[in-house]
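The values are calculated or read from the model by the stated rules, or taken from the named source; none is laboratory data. Every value quoted in this text rests on a predicted model; they were computed, and no experiment measured them. Note that we place each Cβ from the backbone using ideal geometry, even for glycine, and neighbour counts take in every protein chain shown. Each accessible area value is taken on the protein alone, full model and side chains, heavy atoms only, with ligands, DNA and RNA left out. Shrake-Rupley method; radii C 1.70, N 1.55, O 1.52, S 1.80 Å.
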Amino acid sequence: MEFQSRDQTYHAISVLVDSGAIITLLSRSVGELLKLDVTSGRLVDLGAVGGARTRAFVHSLTIRFADSLVIQAPVAIAAEENVPNLLGRLGIFDRLQIDFDATLHETRITGPWLAESGQVLW
């Protein structure tokens with residue numbers, strides 16, 4: 001997937017899809033690569049499994065999953081470098097189709113295949 005920088009160029013960034021993460025999280029160096037003033041975003045304190053805490057700053061970024069699949073979503077940029085890049089739920093899982101296929105060892109991200117009127121809640 002690619003994240004758009006402030007100069008409108010896209011940068012391919014490897015992320016782990018984390019269905020347990022509330023928000024997408026990127027390391028500080030990725031924020032700097034995207035030419036963000038990292039600390040200008042809204043300050044949040046994120047928790048992780050095991051009790052670790054991460055201070056981060058939330059920005060609204062454009063994310064491109066394919067040439068025709070582009071969305072805006074909140075992304076937390078960590079104040080520190082020592083965090084994994086994670087694709088979280090907020091603004092992503094509610095707008096895209098995410099398929100985890102353990103038999104093929106792959107994850108597919110596509111646009112929604114049902115209109116809101118055709119969605120079924122189980």
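What ranking of HIS11, HIS105, HIS59 comes out by heavy-atom accessible area, probe 1.4 Å, highest first? Mind dumping the intermediate values first?
Values: HIS11 45, HIS105 165, HIS59 15 Å².
If we order HIS11, HIS105, HIS59 from most to least accessible, we get HIS105, HIS11, HIS59.
Once the convex hull of the C-alpha atoms of the chain is built, how many Å³ does it hold per residue, rounded to a whole number?
On the way: hull volume 16.6 nm³, N = 122.
Enclosed volume per residue, from the Cα hull, is 136 Å³.
Exposed loop GluC sites (Glu not before Pro) only (DSSP loop, at most 12 other Cβ atoms within 10 Å): please give the longest stretch of the chain free of them, not including the sites.
Working: sites that count: GLU80, GLU81.
The reported range is 1-79.
With Cβ to Cβ distances under 13 Å as the rule, what net charge do the other residues near PHE93 carry (K, R +1; D, E -1)? List each step's numbers first, then the result.
Values: positive: ARG89, ARG95; negative: ASP18, ASP94, ASP99.
Charge balance near PHE93 sits at -1.
Starting from 0.36 nm per residue, how many nanometres of slack lie between LEU69 and SER19 once their C-alpha separation is accounted for? Mind dumping the intermediate values first?
Details: separation 50, 0.36 × 50 = 18.00 nm, distance 1.98 nm.
16.0 nm is the gain from fully extending LEU69 to SER19.
Please figure out what share of the DSSP beta bridges in the chain is antiparallel and state it in percent, rounded to the nearest 5.
Antiparallel bridges make up about 85 percent of those DSSP assigns within the chain.
In a shell of Cβ-Cβ distance under 15 Å around VAL70, excluding VAL70 itself, what net charge do Lys and Arg (+1) and Asp and Glu (-1) give?
Values: positive: ARG64, ARG95; negative: GLU2, ASP67.
Local charge sum for VAL70: 0.
Leaving out ligands and nucleic acids, note down the accessible area per residue over the chain with a 1.4 angstrom probe, in whole Å².
Working: 7510 Å² over 122 residues.
In whole numbers, the chain has 62 Å² accessible per residue.
First select every other residue whose beta carbon is under 9 angstrom from the beta carbon of THR107; then total the charges, Lys and Arg +1, Asp and Glu -1. Before the final figure, lay out the partial values.
Values: positive: ARG108; negative: ASP99, ASP101, GLU106.
That works out to -2.
Hey, if we sort ASP94, ASP7, ASP67, ASP18 by accessible area with the 1.4 Å probe, largest down, what's the order?
Per-residue accessible area, sorted high to low, gives ASP67, ASP94, ASP7, ASP18.
If each Cα of region 1-63 is one equal point scatterer, what is log10 of I(q)/I(0) from the Debye formula at q = 0.21, 0.22, 0.29 Å⁻¹?
Scattering profile of region 1-63, log10 relative to I(0): -0.92, -1.00, -1.43.
Quote the charge dipole size of the chain about the Cα centre in Debye, to the nearest 20; the model charges only the Cβ of Lys and Arg (+1) and of Asp and Glu (-1).
On the way: 10 positive and 14 negative charges, 60 e Å.
In debye, rounded to 20, the chain gives about 280.
Whenever you get a sec, compute what percent of the accessible area on the chain sits on carbon and sulfur atoms (1.4 Å probe).
Values: 3970 of 7510 Å².
The C+S portion of the solvent-accessible surface of the chain is 53 percent.
For the chain, what does the helix formula give at 222 nm: sum of -39500 (n - 2.57) over DSSP H segments with n ≥ 4, over the residue count, nearest 500 deg cm²/dmol? Could the numbers behind the result be given before it?
Details: 1 runs with 6 residues, N = 122.
Rounded to the nearest 500, the figure is -1000 deg cm²/dmol.
Quick one: accessible surface of LEU104, probe radius 1.4 Å, all protein chains present, in square angstrom to the nearest 10.
Counting only protein heavy atoms, the figure is 110 Å².
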